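Participant: Could you have a look at this structure, given as structure tokens, before my questions?
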Amino acid sequence: MDTRQPHCEIALYGGRNLSSHNRQFDSSAYVDTGNRRYSIMKGKFVTTIDIYDKAVVVKTKWGVMRANKVFFGMSLEEFTAVITPSKEAREEIADLESRLQRALARRDEADKVTRRAVIRIVNAVKGDPEEGEDSELLAAMGYLPHTARSSLIGIARRSAAKAAQKSEAPGKAGDIKT
């Protein structure tokens, strides 16, 4: 089935190009189902996004145009009962997404308070006379003790100095060799 979006002259229905059947695109017929808009051509779908939205249009048009007619051994009420679980699942998903967004907002607000508390506790451990900045408790909490940090900074400085000496050693930029 072709899933490309239709153009004004070429409308797709059931995977077939309706323009080859000499049907005209009626841009004035629309069905609006919430935030999706569907073009209708002689009662047939031109653009569809979601199967439930398509089912709602089928149900609506069936109810308006042939409410008492049975198709595929199914009345309009039976069809409505068949598509109801799709509607309920979508409503549940929307509710869960809304609840998730609210929970994420609550988490972000709680994390601000948690972050401040963690920083205060870590600073208190560093400032405690019995523990201090080189405490094994601080290391166990996942923080780098002061002496380890100092030695890493010293190693970084020494390696940077060696790299600078190596780049300057083999012939200076101003030297000309003949």
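Participant: Quick check on my filter: what residues within segment 53-65 are of a type in the set (D, E, K, R) and modelled with pLDDT under 95?
Facilitator: Matches in segment 53-65: Asp53, Lys54.
Participant: Ok, one more. Quick check on my filter: what residues within segment 120-155 are assigned to a loop (DSSP other than H, G, I, E, B) and surrounded by 10 or more Cβ atoms within 10 Å (Cβ to Cβ)?
Facilitator: Asp128, Glu131, Gly132, Glu133, Asp134, Ser135, Met141, Tyr143, Leu144, Pro145
Yes/no matrix, rows are residues, columns are (1) more than 14 Å from Lys59 (Cα to Cα); (2) loosely packed, with under 10 Cβ neighbours inside 10 Å; (3) in contact with a strand residue (DSSP E or B) (Cβ under 8 Å, 6 or more places away or on another chain):
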site: Ser75; (1), (2), (3): no, no, no
site: Ala81; (1), (2), (3): no, no, no
site: Pro85; (1), (2), (3): yes, no, no
site: Asp95; (1), (2), (3): yes, no, no
site: Arg99; (1), (2), (3): yes, no, no
site: Asp108; (1), (2), (3): yes, yes, no
site: Asp111; (1), (2), (3): yes, no, no
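Participant: Ile83: aliphatic (A, V, I, L, M), touching a Lys or Arg at 6+ places or on another chain (Cβ under 9 Å) and either without any contact (Cβ under 8 Å) to a residue 40 or more places away in the chain or closer than 27 Å to Lys54 by Cβ (or both), yes or no?
Facilitator: Against the criterion (aliphatic (A, V, I, L, M), touching a Lys or Arg at 6+ places or on another chain (Cβ under 9 Å) and either without any contact (Cβ under 8 Å) to a residue 40 or more places away in the chain or closer than 27 Å to Lys54 by Cβ (or both)), Ile83 qualifies.
Participant: If you don't mind, there's one more thing I want to ask. Against the definition (closer than 30 Å to Ala140 by Cβ, at pLDDT 95 or above, in a helix (DSSP H, G or I) and not assigned by TED's automatic domain parsing to the domain that holds Leu144), how does Arg99 come out, yes or no?
Facilitator: For Arg99, the condition - closer than 30 Å to Ala140 by Cβ, at pLDDT 95 or above, in a helix (DSSP H, G or I) and not assigned by TED's automatic domain parsing to the domain that holds Leu144 - is not met.
The values are calculated or read from the model by the stated rules, or taken from the named source; none is laboratory data. Keep in mind the model is a prediction, meaning the values are calculated, not measured. Because the Cβ atoms are built from the backbone with ideal geometry, glycine has one as well, and the counts that use them run over all protein chains shown.
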